[in-house]
Amino acid sequence: TAPSMPPTVKPILKPKPNASRFCLNSTRNTPAFSRRKNPNAEGLEPMPKYRYKKKLQAYIAQHGKPDALTEYFILNGYSEEDIKKGIAPFVEAWEEAIYWIEGGDVEEYDWDLRHRSMLYEVLRHATDKQIEPYRERIKMADKKFRSITREVETSYGHLAVKKESLNRQTHWWLFRIPKHGVIWRDCG
């Protein structure tokens, strides 16, 4: 038999796991020690790592103040090789996601939407000059996405960075699901 506990001692109960903790594309997967309160009290955002700030300082010392896109890449831990590639990989990832959605492969639809959210975030930091070579490709990919999806009332996915509230006009891709195929509903 198990020994009895004194009446003043309470058993240690482990908290039940929160289902949203296991969502693949949720910022709640970010360990608590690497998050900080957002200054505008709209939630939590990942804290830039000290080493990325040091990398930015080294860049500034060597090259001067970077453009907003380069600064974004540095502070988010992108390699020098990725920084040199610029917007291209994000456009290509969005185009590839649309290829899979169009083919009926919607098992990872939330991941496909994340590609568009990441492209959105990169475009927010890019200049018109940086965007111009990709403008038509982005426009065509977005048009194709709209043609193979339908609008829904509630958002399906998440923004790559939760610095702003979801808006149907601005974040239109998050309010669309494929016309064909069964998708797994995100638990976020």
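Some points to look at:
- Scanning region 95-128 for residues that are more than 13 Å from Leu69 (Cα to Cα) and not in a helix (DSSP H, G or I) yields a total of 6.
- Listed by first and then second residue, the pairs with beta-carbon distance under 8 Å, at least 6 apart or on different chains, first residue in region 95-121 and over 19 Å from Ile131 (Cβ atoms) and modelled with pLDDT under 95, second of a type in the set (Ser, Thr, Tyr) and surrounded by 18 or more Cβ atoms within 10 Å (Cβ to Cβ), are Ile101/Tyr109; Ile101/Thr149; Tyr109/Tyr156; Asp110/Tyr156; Leu113/Tyr156.
- The residues of region 74-94 that are outside any loop (DSSP other than H, G, I, E, B) and in contact (Cβ under 8 Å) with a residue 40 or more places away in the chain, listed by number, are Ala88, Val91, Trp94.
- Among the residues of region 72-82, those identified as of a type in the set (A, V, I, L, M, F, W, C) and either surrounded by fewer than 16 Cβ atoms within 10 Å (Cβ to Cβ) or under 16 Å from the mean Cα position of the chain (by Cα) (or both) are Phe73, Leu75.
- Any hit, region 136-144, residues being within 17 Å of the chain's Cα centre (by Cα), within 21 Å of Lys179 (Cα to Cα) and aliphatic (A, V, I, L, M): no
- Selected residue (criterion: farthest from the chain's Cα centre (by Cα)) from residues of region 145-188 that are among the hydrophobic types (A, V, I, L, M, F, W, C), at pLDDT 80 or above and part of a loop (DSSP other than H, G, I, E, B): Val152
- Summed over region 94-109, residues that are under 15 Å from the mean Cα position of the chain (by Cα) and crowded, with 17+ Cβ neighbours inside 10 Å total 3.
- Pairs with Cβ under 9 Å, 6+ apart, first in region 135-147 and of a type in the set (A, V, I, L, M), second surrounded by 13 or more Cβ atoms within 10 Å (Cβ to Cβ) and outside any helix (DSSP H, G or I): Ile138/Ile87
The values are calculated or read from the model by the stated rules, or taken from the named source; none is laboratory data. Predicted model only: the values in this text are computed from it and were never measured. When we count neighbours, we look across all protein chains shown, and the Cβ atoms used for this are built from the backbone with ideal geometry, even at glycine.
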